[in-house]
1. In the full protein assembly as shown, how much of Arg156 is accessible to a 1.4 Å probe, in Å² to the nearest 10?
2. If a/c stays under 1.5 just call it rounded; otherwise compare a/b with b/c (prolate if a/b is bigger, oblate if not). Do that for region 75-117, with a ≥ b ≥ c from the square roots of the Cα gyration tensor eigenvalues.
3. Compare Asp116, Asp43, Asp73, Asp65 by solvent-accessible area with a 1.4 Å probe and give them largest first, with all protein chains kept in place.
4. Can you give the accessible area of Ser166, probe radius 1.4 Å, in Å² rounded to 10?
5. With +1 on the Cβ of every Lys and Arg and -1 on the Cβ of every Asp and Glu, and nothing else charged, how large is the dipole of region 1-151 about its Cα centre, in debye rounded to the nearest 20?
6. Once you order the gyration tensor axes a ≥ b ≥ c over the Cα atoms, which shape class does region 20-91 get: rounded for a/c under 1.5, otherwise prolate or oblate by comparing a/b with b/c?
7. Working with all protein chains in place, sort Glu124, Glu57 by solvent-accessible area computed with a 1.4 Å probe, largest first.
8. Using +1 on the beta carbon of Lys and Arg, -1 on that of Asp and Glu, and nothing else charged, what's the dipole of region 87-185 about the Cα centre, debye to 20?
Amino acid sequence: MLESKNIILRTIKEEDLQQIYKLTNDLSERGEYLPLHLRSEQDFQKKFKETGYWDEEYGRMLITDKSDSILGDIIYFKNDKYMQGYEIGYQIYKKENMGKGIISEALRIFSAYLFDIKPIQRLEIIVNINNVGSRKVAEKCGYKFEGVKRKAVFLRGTYQDVDLLSLLREECPSLSEVLRYENNE
């Protein structure tokens with residue numbers, strides 16, 4: 001568990017599964033830049049039983065408030081087998097919690113944590129070119145714009161361009177520095 005002044009990042013517990021399944025499949029709360037894919041409950045639970053949503057290729061942490069209410073999640077995954085690093089994804093489950101700095105805080109902590117535990121040189125975030133808010137979050141957390149991947153994502157019936165941003169190990173403060181900053185902020 002990674003705790004700061006405002007949020008907690010933690011792995012998923014079995015008792016979270018029903019609530020997370022409902023939250024991730026609620027299309028009315030899904031932002032316009034996230035895919036509309038729905039997962040079966042059986043597949044969702046099977047993945048948890050196999051890995052607990054945490055292994056070498058993929059990891060998911062919940063973002064909660066101090067009373068353990070689930071606000072969203074943040075993930076890492078291996079996007080390219082040849083790349084030494086991971087892609088990061090994140091979401092807030094309910095619109096009422098968006099725009100409150102939750103993802104910025106979670107992303108700073110999560111990025112530093114991954115660099116502390118994994119022998120990787122870089123992390124990447126891919127953001128829809130029109131998702132200005134998400135790009136600002138990434139840049140606020142030190143991620144640098146590298147370029148546009150043209151027509152790289154199929155979303156809601158059309159192929160769309162995405163921005164590629166990255167953070168290198170030497171650009172990221174240590175986890176202890178990040179937690180010290182977040183707890184004094």
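1. 110 Å²
2. oblate
3. Descending accessible area places them as Asp116, Asp43, Asp65, Asp73.
4. Accessible area of Ser166: about 0 Å².
5. Dipole magnitude for region 1-151 comes out near 540 debye.
6. Rounded shape, in that the Cα axes give a/c under 1.5.
7. Glu57, Glu124
8. 420 debye
The values are calculated or read from the model by the stated rules, or taken from the named source; none is laboratory data. Here the structure is a predicted model, which means the values were calculated and not measured. Methodologically, a virtual Cβ is constructed for each residue, glycine included, from the backbone with ideal geometry; neighbour enumeration extends over all protein chains shown. Note: accessible area is taken over every heavy atom of the protein model, side chains too, but ligands, DNA and RNA are not part of it. Shrake-Rupley method; radii C 1.70, N 1.55, O 1.52, S 1.80 Å.
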